[in-house]
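Novice: My questions will all concern the structure given below.
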């Protein structure tokens, strides 16, 4: 009886824990099954801050709009700020030795950050009259009335701003007088004049001299050259500038002397003998020298005092040149990096003495990092008072490295900050046959670990032992093994980054297992390549177990939709490029994974090109025959957001070649352009598993879900309301949502939300769609749910018929049979604005679902699907309560414990990927943005396994104690029996 | 001539029913032949008559007693039924260990009782006693108990009487068509 009570208690506990909506974790569980990695992205600008005292750091701004302060010794992030996606950092500098100044949003926002801790000190908004490039000059030793002004040119105006508090000092608008486009701001040391150098209508060269105290114009000189200019004006010395003319074949040397402007033309072909295509002047500012790059080489040209151009040196065009660095004695140095085979050569030269290398170092470099893209140098004084140099280099794969004394001091894989697409791969199956020594060792370790845990549970452990327990838990070798595990938690996450590099991360601790710079996606001088999609190509199950799984990377070489595509197939275990199918002759605008596989378990893919032709991959006769057989039932659709048209296609019988097929247009849905504009389309995840078609509701009633993979959710808004929130009045903004069958083009459901507008984020799963939008009338964000049910199956309620199998529930469904559908929907207020929505996915689809919402705070919130159930009512009946239906509330609750990212932020969150584990209760979650975060969630608790910290030692001990107790009592009872018999 | 017959069967069966009677000596000997003369002064006729009437009376009493007992045994499940009903009411209609245990015992007890109907009524077997009616009552009551159990099972929702019980794990139907695509990739 006692046992029964205990069991029922346990059962009750389980039930009550099931009802609790949150699944928070304890402090000591952080890091057990989750990991978080912080990145910054590809570095654009770097400023060193290496004072003698204090920490040496480098301040960087990146293409992901991150400003960060990095430790120069180890490459760790001291602090970091991720600006919004539209707040692009233009310039970065240091003012007063304690503030980091950033200019962003096309020069309209100037901010100062405290250097040690990264707190914002002040922020100024600069208004301009027109668009122009943004320039920032922070004079190092200029004092104007106890203030050090910062000069910013943006929006056609020159602003002087106090570096102490960000106050406006003065503003000079250039746009009033002329349409000059200022290219450079120059502050000659010691003088009180700012020189602004620019071009008017690309045919007139202007210099302005402006008083730093009040912004008054002191002098204006101009000189016209009818040829026009190409690119930027580069200052060579205080009064000399160079620029290319519009034809890019002539270098103009501009000399400003006492108000007179003198122009001097030199043909590029005179400087470079031979081909001089695509000439550009490199923006590296070296005093007295400029560098020209052509298709074949880079030349350094010295401008002599007489105004002559002398070619000093010719180097390979892959050489990367740094800016000049002022050394203490007034001389300047700059660095050159030359790319070699699996090594790079770094040489530092002094500007006044170009003939010899001041320093030359050869550094071994992993060729998977590609070419050097950028270099920033910094110097330090060695103990013998000579100059040492450290170089920060940015590689093709966006990684950041610090070189010093011929060695790589640290590296950062910052390519992972720009993940485009994610897929997963299973790890290899564990080989049978483990050595005895290993087993013994691991058994001993296992026992030791569990004895420690037992001590911990019984509160006998010392603080040291507690720390040891935590260490064991965190560094469990089990979770980091390179083999498949029973629960399916260990997997490889394969990430495609913007740099065209493929990374494989282990889910155990997030380490990079391999990384490959895809040759087919490398940007060359002729074309710019980028990855588009990553798909599973071969997933060996039964037939081809000896093969390694592989992934397909689809990319595009060029900027337009019609550019040829690049395809490559990569081994998921080793990262080797197995097949390089690119550049293919056709373009790719869509990648469709067909639900068919060939005998070697290769997944069939259709690539749709810009001319609406379908190309079949793999290009094998077997795949072609499979596709021919199934082609009657293969359809595809395209969403043309600009035109507001959805089109559906089928395969034409006649085909142009064996592996490419013509499309026939089957249907089109044209949204009226004056009232509707497509802003979001969402489909179901192709690999989603649905357990059942029936939904059991209160009173044992049943509803049949309309489960179709060929359903697309489309959201449109009125064109006026397609801007940001607040740009339209509630009366003129209408949000319309559609559920459309993509085989027949039938609109299954249409709903209008008056006074609402986007941005719309939605997720479609099973038979429901949840979407998030803004309600202008309520001034709040809302989330709505639509559930769609199949009415044609609703009569299947006769138990007898179901028992004998007389029902139409298992017959294959065709979209052409036009099943009747009904929908239920409901809306709720939701506090947060949303960056991404996803839904948990499990192996069999039995476990209940959680919505994973990427909030504006870059966190991932798990929301039980039961909260967005359209059957919720204000007063649920007893039966509905038993079913688990929650009473209706107007807002969705945000339970702080249900943030799956707990204390972390996934800065710049862009996507949330869910991957089913083998264990039905568990779903793996991977969130990516600038940061990466991985964890496991169990929406219905881990009902199918013991928790990881289950105390096996305690269980063993209990069993042993029980067995001993059994023996003792048996002996005692025997003895008593014997005594009884003798009585 | 005397014959002492101690029926082992009776010893076992009669333990409960017949109380303290463990064995019996029968002085009446009907089967004996008249080879040996009666002792002098013994007249067989009168006592013989007395004896036979006595045994008849006794047998009638026993038969009455047996049939009475058989009825009692037949009615015994009724108490059980009441008890079961009370416990079921106590257990409530939610599925947990108690209610399931009680329901299954309510199903199992009548079943095992029905299996052993013959054995239960064996002690009261007599050609003079009609056991059919008590047996029928016994069976009916047990069936009633079982029905109570089934009713309880149903009220717990454990009987597949609804459509939902037959389709709740029916996998989605296969879709004939496949369609993919979406917006152009940038």
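The values are calculated or read from the model by the stated rules, or taken from the named source; none is laboratory data. Keep in mind the model is a prediction, meaning the values are calculated, not measured. Backbone-built Cβ (ideal geometry, glycine too); neighbour counts: all protein chains shown.
Matching residues to (1) part of a strand (DSSP E or B); (2) surrounded by 14 or more Cβ atoms within 10 Å (Cβ to Cβ); (3) at pLDDT below 90; (4) away from every other protein chain (no Cβ under 12 Å):
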residue	(1), (2), (3), (4)
A:605	yes, yes, no, no
A:622	no, no, no, yes
A:626	no, yes, no, yes
A:630	no, yes, yes, no
A:638	yes, yes, no, no
A:655	no, yes, yes, yes
A:667	yes, yes, no, no
A:682	yes, yes, no, no
A:686	no, no, yes, no
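Novice: Among the numbered criteria (1) at the interface with chain B (Cβ under 10 Å from one of its Cβ atoms); (2) over 30 Å from the mean Cα position of the chain (by Cα), which one does residue A:766 miss?
Specialist: Condition (2) is where residue A:766 drops out.
Novice: Mind listing whichever residues of segment A:798-828 are surrounded by 12 or more Cβ atoms within 10 Å (Cβ to Cβ), over 28 Å from residue B:179 (Cα atoms) and more than 11 Å from every other protein chain (Cβ to nearest Cβ)?
Specialist: Of everything in segment A:798-828, those that are surrounded by 12 or more Cβ atoms within 10 Å (Cβ to Cβ), over 28 Å from residue B:179 (Cα atoms) and more than 11 Å from every other protein chain (Cβ to nearest Cβ) turn out to be A:826, A:827, A:828.
Novice: Still on this structure: Going residue by residue through segment A:346-353, is there one that turns out to be part of a loop (DSSP other than H, G, I, E, B) and over 17 Å from residue A:395 (Cβ atoms)?
Specialist: Yes; the residues of segment A:346-353 include at least one that is part of a loop (DSSP other than H, G, I, E, B) and over 17 Å from residue A:395 (Cβ atoms).
Novice: What single numbered condition from (1) modelled with pLDDT of 90 or more; (2) more than 33 Å from the chain's Cα centre (by Cα) fails to hold for residue A:817?
Specialist: (1)
Novice: How many residues does segment A:743-774 contain that are in contact with a helix residue (DSSP H, G or I) (Cβ under 9 Å, 6 or more places away or on another chain) and either assigned to a loop (DSSP other than H, G, I, E, B) or surrounded by fewer than 20 Cβ atoms within 10 Å (Cβ to Cβ) (or both)?
Specialist: Count: 5.
Novice: Would you mind telling me which numbered condition in (1) part of a strand (DSSP E or B); (2) buried (at least 22 other Cβ atoms within 10 Å of the Cβ) residue A:374 fails?
Specialist: With respect to (1) part of a strand (DSSP E or B); (2) buried (at least 22 other Cβ atoms within 10 Å of the Cβ), residue A:374 is out only on (2).
Novice: Further question on the same structure: Which one of the conditions (1) modelled with pLDDT of 80 or more; (2) touching a helix residue (DSSP H, G or I) at 6+ places or on another chain (Cβ under 7 Å); (3) within 10 Å of chain A (Cβ to nearest Cβ); (4) crowded, with 18+ Cβ neighbours inside 10 Å does residue B:98 fail to meet, given that it meets all the rest?
Specialist: (4)
Novice: What do you reckon, is residue A:831 more than 10 Å from every other protein chain (Cβ to nearest Cβ) and loosely packed, with under 14 Cβ neighbours inside 10 Å?
Specialist: Against the criterion (more than 10 Å from every other protein chain (Cβ to nearest Cβ) and loosely packed, with under 14 Cβ neighbours inside 10 Å), residue A:831 qualifies.
Novice: Within the group B:169, B:105, B:112, which residue is within 14 Å of the chain's Cα centre (by Cα) and on the phi < 0 side of the Ramachandran plot?
Specialist: B:112
Novice: A further question on this structure: Does residue A:558 fit the bill of being within 13 Å of chain B (Cβ to nearest Cβ) and touching a residue at least 24 places away in the same chain (Cβ under 8 Å)?
Specialist: yes
Novice: While we're on this one: Check whether at least one residue in segment A:379-386 is over 30 Å from the mean Cα position of the chain (by Cα) and at positive phi, and report yes or no.
Specialist: Checked against the condition, which is being over 30 Å from the mean Cα position of the chain (by Cα) and at positive phi, segment A:379-386 yields at least one hit.
Novice: Take the residues of segment A:669-680 that are in contact with a helix residue (DSSP H, G or I) (Cβ under 9 Å, 6 or more places away or on another chain) and in contact (Cβ under 8 Å) with a residue 60 or more places away in the chain: which is nearest to the other protein chains (Cβ to nearest Cβ)?
Specialist: A:679
Novice: Pull up segment A:640-653, narrow it to residues that are more than 17 Å from residue A:678 (Cβ to Cβ) and in contact with a strand residue (DSSP E or B) (Cβ under 6 Å, 6 or more places away or on another chain), then point me to the one that is surrounded by the fewest Cβ atoms within 10 Å (Cβ to Cβ).
Specialist: Ranking the candidates gives A:652 first.
Novice: Check residue A:541 against each of (1) in a loop (DSSP other than H, G, I, E, B); (2) over 24 Å from residue A:687 (Cβ atoms) and name the one condition it does not meet.
Specialist: (2)
Novice: Still on this structure, please answer the following. Please return the ranges of strands (runs of 3 or more DSSP E) entirely within segment A:145-211 where 2 or more residues are within 20 Å of residue A:90 (Cβ to Cβ), at pLDDT 80 or above and not assigned by TED's automatic domain parsing to the domain that holds residue A:257.
Specialist: Where strands (runs of 3 or more DSSP E) fall fully within segment A:145-211 and carry at least 2 residues being within 20 Å of residue A:90 (Cβ to Cβ), at pLDDT 80 or above and not assigned by TED's automatic domain parsing to the domain that holds residue A:257, they are A:149-154, A:157-162, A:168-173, A:180-187, A:193-200.
Novice: Quickly run through segment A:568-589 and pick out the residues that are in a strand (DSSP E or B) and either surrounded by fewer than 17 Cβ atoms within 10 Å (Cβ to Cβ) or away from chain B (no Cβ under 13 Å) (or both).
Specialist: Those that are in a strand (DSSP E or B) and either surrounded by fewer than 17 Cβ atoms within 10 Å (Cβ to Cβ) or away from chain B (no Cβ under 13 Å) (or both): A:568, A:569, A:570, A:571, A:577, A:578, A:579, A:580.
Novice: Of all the residues that make up segment B:165-186, how many are touching a helix residue (DSSP H, G or I) at 6+ places or on another chain (Cβ under 6 Å) and either in a helix (DSSP H, G or I) or more than 7 Å from chain A (Cβ to nearest Cβ) (or both)?
Specialist: So the answer is 1.
Novice: Looking only at residues that are outside any loop (DSSP other than H, G, I, E, B) and either at the interface with another protein chain (Cβ under 7 Å from one of its Cβ atoms) or at pLDDT below 80 (or both) in segment B:153-164, which one is surrounded by the fewest Cβ atoms within 10 Å (Cβ to Cβ)?
Specialist: B:164
Novice: Let me ask another. Can you tell me which residue is farthest from the other protein chains (Cβ to nearest Cβ) among those in segment A:688-699 that are surrounded by fewer than 17 Cβ atoms within 10 Å (Cβ to Cβ) and touching a helix residue (DSSP H, G or I) at 6+ places or on another chain (Cβ under 8 Å)?
Specialist: Top of the filtered list is A:698.
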